[in-house]
Amino acid sequence: MHQTPPPNAPPPMIQIRHLRKEYGQQVALENLCLDIPRGEVFGLIGPNGAGKTTLIRILATLLEPTYGAVRVDGIDILDDPLAVHPIISYMSDFFSLYDNMLVWEYLDHFARCYRVAPSKRDKLIEEALELVNLEIRRDAEIRSLSRGMRQRLCFAKGLLHEPQVFLLDEPASGLDPAGRIEFRELIKSLHGMGRTVIISSHILTEMADFCTSVGIMEQGKLVAHGGVQEILKRLQSDTRLELEVAEEPDRVAVLLESWPGISAISTRGRRVSCRYSEPREALPELHRRVVAEGIPLISLEVRQDNLEDLYMKLSKHQTA
Amino acid sequence: MERLAFWNNPLVVSALRMKFRRGMPVAMTCTYVLLLITVGAAMYRWRVDMAGNGFQWDQIFLATLAGVQFFLAAVLAMGATKTSMQAEVNNRTMDFQRIASVSPWRILLGKLLGEGAYAFLSTIATIPLAVWLVLNGTITPAAAIALYVCLISISLLAGSVGLQVNLDPQATKTSASAQWVGVLVTMPIWLSFSMMFIQATNPIIGFFFSSLIPIFVVRELVDGTPWDAACELFGFTVPYLLVIPVMHLFWAGAFFSAMARRLVHPQYPPYSKPFAYGVVLLLDLILAGLLFDPPPLGSSFPRQILTFFLAHLFFGFWVMVAVTPRGEILHSWIWRFRGQRSWPVDALLGPRSPTTLSLLVLCLTGIAVACGALVVPQIVWRGFPAVRDAASFAFMVGGTTCLILFSLGMLHQWMMLVVPKMNFAVLFIVVILLWVPPYLAGEYYDHNSLRGLSALAVFVDWWGLTSNTNFQGASFGRLPVMYLNLAYGLILCGSWASIRWSLQQKSREVSTKLQSMGVNVAPTE
């Protein structure tokens, strides 16, 4: 499933070969092979139980695979897990902080854990707090923070040791819309800094916004992976049309049935939608024909498939 | 050296920072010292009455201070570390600690010293009182220093016990208050048992309890003779004040290293195989040292051998449990590690391989130490004929106990392999079932062959036999030991064959899966 890199290409930041994880009789990951280049924001998409969390926990050295090889920045994480820790940052959907610490104490604790030099420690803490907009809560007790703030604090902790790889497991779950937007900006800024980010989510519309590539997981397998645009391009032929008429939607459906390249017609109220596989240049002719037939057309909308459609199509929406 | 620099340990820094921010350490230690002074003042007030009863008030005060401090330090250290570790697991903050650039060793040292700080602070707070007692002539400076070393070491031991938690957050969800209640309930029970066993005449039982709970020392403090609490090791009298810190650190190290290992690989058995060999060797040497007593003082040679091998069986059983890999680890061994190292090296040292050869090493260690530290000195002192008479009995005792250890170890490995959620309690129940019902049935029907199937009955028989100091090993007791050996031989063979069959099945299954994954694999045996 992985592609052979061109000669002289820098080694991928993350290299996964034949990864398998079994929990008793249940197979959580099956023969997963994947290369993630440096600086990529890689989205892991899949339903609950697809194996996203298992994969991220293995990359974070919190879980041991049953079989396979995983290298992060060239380090075999199974042979030397402790050597990988300085270059990774991990954040999970279920996270907890030390409630009785102050915000700065928490960051100072982890700065010490990551052996940040004392001379740089205070500056880094201030910078991290500024990045996540928590500088005014510096001396607050963690228990007084809202969920969004706690999440940002957790994120700030992950920035302190300037890791190369961010492993984010459903990081935006539980955030309000404003929090999600802030979080999206944070991911974009990480991408701007050249960091590699692996992020799992099932909120696909958000993923399309900041991911440079995605992998779709289903029942422990990587169903498809690649650049977002590249994968979307695969479905370019499947443009969707939505026609809204003032009356007689059935006549539109009958007309569309006989039109070349039209499939999967469905009617809902006065709206008729279908898939269209012919070139876009042929659409004006369809429009003229509908009008010529005397059908009172209100609108004709051309929609490209998004990640959500892509996921539903590739995975056939099987739940693990 | 860096990992011992606790003052730079982030966990110690954070724990102390939070404790001092609330101002608790100063308030607590001051209150505690004031309470102790009040108790001392009360004793001084009734010093004449106490003298009338044959007690010196200052010695009683010292014994009280030491006793309270030993108990308090142990409870505080164990409760605080246990609560903190469990909270980290429940809240899943331990995951962040595990993947930070802090080694497991430093994480645990930080927890031990940072969370258990009150144990150490309360000990330090009593030093002025101890100094006053030294100046008063109640205790010598050397004894006072040794006593405080014991107080520090008991905090380290209790804290290390408290560090033991299951890293699976699903496994336990015990709250902090429940952890404290657990510690406060188990401590007095443990103390009561210890006091009961310390009274036992058997030197081994007495030693292992006295070296953990310094009740002997505290009792001698009442008489003003703390150095008199002593044991005999290889014929030398060693005061418990010196033995206790060494034994505390030994056990603390065993608990500490088990948890450090678990932080890297949560599924690993607590001990690595080389560590287990070292522990058994050390314990066997201590056993031999306790039983080593030159004639004419010593008990009979057969009794020495029997006591040694029974204790070896007990410790070997404990170490065997701590070194046996779970089914999941054995499966990962088949998937990833099998055949990477030569078979003997992997079997003897590999952290994931089955325990067959390791069990053999545990058994042979006992036999080697018995020969080197018990048999050879006997030959030197009493001459070869004295040992020759007991040779067949010694051989029978050594062989039988080692066979039991080996077969129970194999049985445990097999159970671990086939039952995913197996734990020690199941093995314990199996052992009870193997030992008690045949004994009771034999007693009920008065049938020696039935009794002979129970290891417990055979040990009781041998114990009775060797109680007679004139017994020189000329007989094997009234029970037919061959039945017992046959039964355990069958358990051994059955377990070994089942393990081998299961591993082969799994190997074939794994090979098929690997081939379907497109991985080139060497054919399995």
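The values are calculated or read from the model by the stated rules, or taken from the named source; none is laboratory data. Values in this document were obtained by computation on a predicted structure and should not be read as measured data. So basically every Cβ, Gly included, is an ideal-geometry build from the backbone, and we count neighbours across all protein chains shown. All accessible areas refer to the heavy atoms of the entire protein, side chains included, with ligands and DNA or RNA removed. Shrake-Rupley method; radii C 1.70, N 1.55, O 1.52, S 1.80 Å.
Mind checking which helices (runs of 4 or more DSSP H) fall wholly inside the stretch B:7-66 and carry at least 1 residues that are touching a Leu at 6+ places or on another chain (Cβ under 8 Å) and not polar (S, T, N, Q)?
In the stretch B:7-66, B:10-21, B:24-45 are the helices (runs of 4 or more DSSP H) which contain 1 or more residues that are touching a Leu at 6+ places or on another chain (Cβ under 8 Å) and not polar (S, T, N, Q).
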Of the residues A:GLU22, A:GLU30, which single one is within 17 Å of B:SER332 (Cα to Cα) and under 23 Å from the mean Cα position of the chain (by Cα)? A:GLU30
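Out of the residues in the stretch B:501-521 that are of a type in the set (Val, Ile, Thr) and closer than 14 Å to B:ARG338 by Cα, state the one that is farthest from the other protein chains (Cβ to nearest Cβ). Write out each step before concluding.
Within the stretch B:501-521, the first condition is being of a type in the set (Val, Ile, Thr), and the residues that meet it are B:510, B:512, B:519, B:521.
Add one more test, that the residue is closer than 14 Å to B:ARG338 by Cα, and what stays is B:510, B:521.
Values: B:VAL510: 8, B:VAL521: 10 Å.
So, considering only residues that are of a type in the set (Val, Ile, Thr) and closer than 14 Å to B:ARG338 by Cα, the one farthest from the other protein chains (Cβ to nearest Cβ) is B:VAL521.
Restricting the stretch B:380-397 to residues that are in a helix (DSSP H, G or I) and free of Cβ contacts under 8 Å to residues at least 24 places away in the same chain, which is least open to solvent (accessible area, probe 1.4 Å)?
This residue is B:PRO385.
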For A:VAL84, are the conditions met, namely being at the interface with another protein chain (Cβ under 10 Å from one of its Cβ atoms), within 25 Å of the chain's Cα centre (by Cα) and either modelled with pLDDT of 90 or more or open to solvent by 10 Å² or more (accessible area, probe 1.4 Å) (or both)? yes
Report every pair of residues separated by at least 6 positions or lying on different chains whose Cβ atoms are under 7 Å apart, first residue within the stretch B:17-34 and within 12 Å of another protein chain (Cβ to nearest Cβ), second part of a helix (DSSP H, G or I). B:ARG17/A:GLU105; B:LYS19/B:PRO25; B:LYS19/B:ALA117
Look at the stretch A:24-60 and say how many of its residues are closer than 22 Å to B:GLN267 by Cα and touching a Phe, Trp or Tyr at 6+ places or on another chain (Cβ under 9 Å). 5
Can you work out which of the residues in the stretch A:165-174 that are crowded, with 17+ Cβ neighbours inside 10 Å and of a type outside the set (Phe, Trp, Tyr) is farthest from the other protein chains (Cβ to nearest Cβ)? A:ALA172
What number goes with the only condition from (1) in contact with a helix residue (DSSP H, G or I) (Cβ under 7 Å, 6 or more places away or on another chain); (2) open to solvent by 70 Å² or more (accessible area, probe 1.4 Å) that B:VAL48 does not pass? (1)
Check on B:TRP333, within 14 Å of chain A (Cβ to nearest Cβ) and among the aromatic types (Phe, Trp, Tyr): yes
Which helices (runs of 4 or more DSSP H) does the stretch B:87-197 wholly contain that include 1 or more residues that are open to solvent by 10 Å² or more (accessible area, probe 1.4 Å) and free of Cβ contacts under 8 Å to residues at least 60 places away in the same chain? B:93-98, B:117-125, B:127-135, B:141-162
Counting only residues that are on the phi < 0 side of the Ramachandran plot, touching a residue at least 60 places away in the same chain (Cβ under 8 Å) and open to solvent by 40 Å² or more (accessible area, probe 1.4 Å), the stretch A:19-36 contains a total of 2
I'm trying to understand the selection: among the residues of the stretch A:133-164, which are touching a residue at least 40 places away in the same chain (Cβ under 8 Å), surrounded by fewer than 22 Cβ atoms within 10 Å (Cβ to Cβ) and outside any helix (DSSP H, G or I)? A:ASN133, A:GLU141, A:LEU145, A:HIS161, A:PRO163, A:GLN164
Is it true that A:PRO37 is more than 25 Å from B:LYS421 (Cβ to Cβ) and more than 14 Å from chain B (Cβ to nearest Cβ)? yes
Condition first: more than 18 Å from B:ALA288 (Cβ to Cβ) and open to solvent by 40 Å² or more (accessible area, probe 1.4 Å). Now tell me which residues in the stretch B:231-251 satisfy that. B:LEU242, B:LEU249
If you go through the stretch A:197-223, how many residues are assigned to a loop (DSSP other than H, G, I, E, B) and surrounded by 22 or more Cβ atoms within 10 Å (Cβ to Cβ)? 2
Exactly one of (1) within 29 Å of B:ASP168 (Cβ to Cβ); (2) open to solvent by 20 Å² or more (accessible area, probe 1.4 Å) is unmet by B:TYR271. Its number? (2)
If I ask for residues that are within 14 Å of another protein chain (Cβ to nearest Cβ) and closer than 13 Å to B:ALA311 by Cα, which ones from the stretch B:261-287 would you list? none
Selection count where residues are crowded, with 24+ Cβ neighbours inside 10 Å, of a type in the set (Gly, Ala, Ser) and away from chain B (no Cβ under 14 Å), scope the stretch A:40-61: 4
Residue that is surrounded by fewer than 20 Cβ atoms within 10 Å (Cβ to Cβ) and assigned to a strand (DSSP E or B), where the choices are A:GLY194, A:GLY179, A:GLY226: A:GLY226
Residue pairs qualifying under the 7 Å Cβ cut-off, at least six apart or on distinct chains, with the first in the stretch B:477-503 being within 22 Å of B:TRP435 (Cα to Cα) and the second being assigned to a loop (DSSP other than H, G, I, E, B) and open to solvent by 50 Å² or more (accessible area, probe 1.4 Å), are B:TYR483/B:LEU453; B:LEU484/B:LEU453; B:ALA487/B:LEU453
Residues (among the hydrophobic types (A, V, I, L, M, F, W, C) and more than 7 Å from chain B (Cβ to nearest Cβ)) located in the stretch A:98-115: A:LEU102, A:VAL103, A:TRP104, A:LEU107, A:ALA111
For the stretch B:76-86, what are the residues that are open to solvent by 10 Å² or more (accessible area, probe 1.4 Å) and touching a Leu at 6+ places or on another chain (Cβ under 8 Å)? B:LYS82
Output yes when any residue across the stretch B:398-412 is assigned to a helix (DSSP H, G or I), open to solvent by 20 Å² or more (accessible area, probe 1.4 Å) and closer than 30 Å to B:GLY383 by Cα, and no when none is. yes
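Right, A:ILE77: surrounded by 22 or more Cβ atoms within 10 Å (Cβ to Cβ) and within 11 Å of another protein chain (Cβ to nearest Cβ) or not?
It is true that A:ILE77 is surrounded by 22 or more Cβ atoms within 10 Å (Cβ to Cβ) and within 11 Å of another protein chain (Cβ to nearest Cβ).
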Identify all residues within the stretch B:306-354 that are in contact (Cβ under 8 Å) with a residue 40 or more places away in the chain, open to solvent by 60 Å² or more (accessible area, probe 1.4 Å) and in a loop (DSSP other than H, G, I, E, B); write none if there are none. B:ARG326, B:ARG338, B:GLY339
For the stretch A:20-32, which residues satisfy the criterion of being touching a strand residue (DSSP E or B) at 6+ places or on another chain (Cβ under 9 Å) and more than 9 Å from chain B (Cβ to nearest Cβ)? A:LYS21, A:VAL27, A:ALA28, A:LEU29, A:LEU32
What residue, among those in the stretch A:87-97 that are modelled with pLDDT under 90 and at the interface with chain B (Cβ under 8 Å from one of its Cβ atoms), is surrounded by the fewest Cβ atoms within 10 Å (Cβ to Cβ)? A:PHE94
